[in-house]
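First the structure, in the form of structure tokens, and then the observations on it.
The values are calculated or read from the model by the stated rules, or taken from the named source; none is laboratory data. This is a predicted model, so every value here is computed, not measured. A quick note on method: Cβ atoms are made from the backbone with ideal geometry, for glycine too, and the neighbour counts reach across all protein chains shown.
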Amino acid sequence: MPRLNLAKLPTPLDEAPRLSAALGPRILFKRDDLTGVGLGGNKVRKLEFLIARALQEGADTLIASGGFQSNLARIAVAMANGVGMRTELVLGGVPGEPRPMVGNLLLDRLLGAKVTYVDTEPRWDFGDSIERVEAEVRRRGGHPYVVPLGASSAEGVAAYICATAELQQQLVELNVEPHHLIVGVGSGGTYTGLLLGQMNLQAGYRVTGISVSRTREYLLDKIPEFAREAGSELQLSHLPRRQDIFVQDEYVGPSYGALTQGCSEAIRLVARTEGVILDPVYSGKAMAGLIGMIRSGLIRRDETVVFLHTGGQPALFAYESEQLLGRE
């Protein structure tokens, strides 16, 4: 697959000694929030492949979609700017959902994206709005390329198979053999890439996803199907079955993006033990899931865990301080 080289790789694999002391197991952070472009995050790796594909196909305009505080949207605009492409964003939310010009949305506008707002109910149903934007770009003489929701495609999966190889090299250098790799799950592309990487590169840990939006049953059905499609295109030998998928959905809360008490407590704990900032949508809920798995005994105190930090910190500024600081 074509690929750009824009990310700052390899991202660090850092010990978290004070967090480990607070929770019990040995914890390391894989810092994919430090991929560099557009304030970083896991989407940078995926967009290296997808934007390279767009350029190969002669596109001059990138169309990306997501929620009002979409990390993918912010990173897509920054990376497209870096290669001379224009960007059209289609950002949605349930009717009445606030969209203050802060966080990622402020950065989208600062970076110069054209933004179309739509009401989406259910949340990820954009109707024909993306197709209408695509048609308008063509009408103006442009050549659009539509990024899949969440950048979840064979290209996005390939990015996290490559990330698995990068992680394995770092683990060898540090002489670390983890039992678990924990990551937040939204559209499922990052998790699927990490799972396929683990299976096909014979990594010795279990990949567990903490859902931030979908139910466990939905993910158990969707991920094997998605993995088969991507794995076939990537010519992989080992593909997951339903029983190979390990996901938790107890930490979503009322809805995607809703800040739970467990998430805000996890954000404060990591900030105050390690000086690492998590986000309220993905990594904060993933850390709440890790903490819950430790407390319930699913992860033992004598085990080693790698936590993939997927970025997203700009979204913090779209939340009220009282929500993040609790009752302080």
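Counted as qualifying within the range 76-155 are no strands (runs of 3 or more DSSP E), as none has 3 or more residues that are among the small types (Gly, Ala, Ser) and more than 21 Å from the chain's Cα centre (by Cα). Within the range 35-45, the set of residues being farther than 16 Å from residue 315 by Cβ and either more than 13 Å from the chain's Cα centre (by Cα) or among the small types (Gly, Ala, Ser) (or both) comprises 36, 37.
Being modelled with pLDDT of 95 or more, assigned by TED's automatic domain parsing to the domain that holds residue 309 and closer than 21 Å to residue 106 by Cβ: is that true of residue 36 here?
Details: modelled with pLDDT of 95 or more: yes; assigned by TED's automatic domain parsing to the domain that holds residue 309: yes; closer than 21 Å to residue 106 by Cβ: yes.
Judged against the criteria, residue 36 is a match.
Among the residues of the range 252-269, none qualifies, meaning not one is of a type in the set (D, E, K, R), over 24 Å from residue 24 (Cβ atoms) and touching a residue at least 24 places away in the same chain (Cβ under 8 Å).
Restricting attention to the range 130-149, which residues are more than 15 Å from residue 51 (Cβ to Cβ) and crowded, with 18+ Cβ neighbours inside 10 Å? It would help to see each step written out before you state the result.
Residues of the range 130-149 that are more than 15 Å from residue 51 (Cβ to Cβ), as a first pass: 130-142, 149.
Selection gives 130, 133, 134, 137, 149.
Being within 21 Å of residue 310 (Cβ to Cβ), touching a strand residue (DSSP E or B) at 6+ places or on another chain (Cβ under 6 Å) and without any contact (Cβ under 8 Å) to a residue 40 or more places away in the chain holds for only one residue in 168, 198, and it is 198.
Just one of the numbered conditions (1) more than 14 Å from the chain's Cα centre (by Cα); (2) within 18 Å of residue 304 (Cβ to Cβ) is not true of residue 183: (1). Strands (runs of 3 or more DSSP E) fully within the range 1-74 that include at least 3 residues being surrounded by fewer than 21 Cβ atoms within 10 Å (Cβ to Cβ): 13-15.
On the given criteria, is residue 103 at positive phi, at pLDDT 95 or above and in contact with a helix residue (DSSP H, G or I) (Cβ under 9 Å, 6 or more places away or on another chain)? Reasoning before the result, please.
Details: at positive phi: yes; at pLDDT 95 or above: yes; in contact with a helix residue (DSSP H, G or I) (Cβ under 9 Å, 6 or more places away or on another chain): yes.
Yes: the conditions hold for residue 103.
Can we say residue 251 is under 24 Å from residue 123 (Cα atoms), modelled with pLDDT of 95 or more and not in a helix (DSSP H, G or I)? Considered against the rule, which asks whether it is under 24 Å from residue 123 (Cα atoms), modelled with pLDDT of 95 or more and not in a helix (DSSP H, G or I), residue 251 comes out as yes. Within the range 277-295, being part of a helix (DSSP H, G or I) and either of a type in the set (Asp, Glu) or touching a strand residue (DSSP E or B) at 6+ places or on another chain (Cβ under 9 Å) (or both) holds for 283, 284, 285, 286, 287, 288, 289, 290, 292, 293, 294.
Screening residue 77 with (1) in contact (Cβ under 8 Å) with a residue 60 or more places away in the chain; (2) surrounded by 18 or more Cβ atoms within 10 Å (Cβ to Cβ) gives one miss only, at (1). May I ask you to list the residues in the range 296-328 that are assigned to a helix (DSSP H, G or I) and under 24 Å from residue 10 (Cβ atoms)? Those that are assigned to a helix (DSSP H, G or I) and under 24 Å from residue 10 (Cβ atoms): 313, 314. Considering the conditions (1) out of contact with any Gly (no Cβ under 8 Å at 6 or more places or on another chain); (2) assigned to a loop (DSSP other than H, G, I, E, B); (3) not small (Gly, Ala, Ser), residue 256 is excluded by exactly one of them, (1).
The selection criterion, being touching a Leu at 6+ places or on another chain (Cβ under 9 Å), part of a loop (DSSP other than H, G, I, E, B), crowded, with 20+ Cβ neighbours inside 10 Å and touching a residue at least 24 places away in the same chain (Cβ under 8 Å), does not hold for residue 223. Could we say that residue 321 is surrounded by 19 or more Cβ atoms within 10 Å (Cβ to Cβ) and hydroxyl-bearing (Ser, Thr, Tyr) here? It is false that residue 321 is surrounded by 19 or more Cβ atoms within 10 Å (Cβ to Cβ) and hydroxyl-bearing (Ser, Thr, Tyr).
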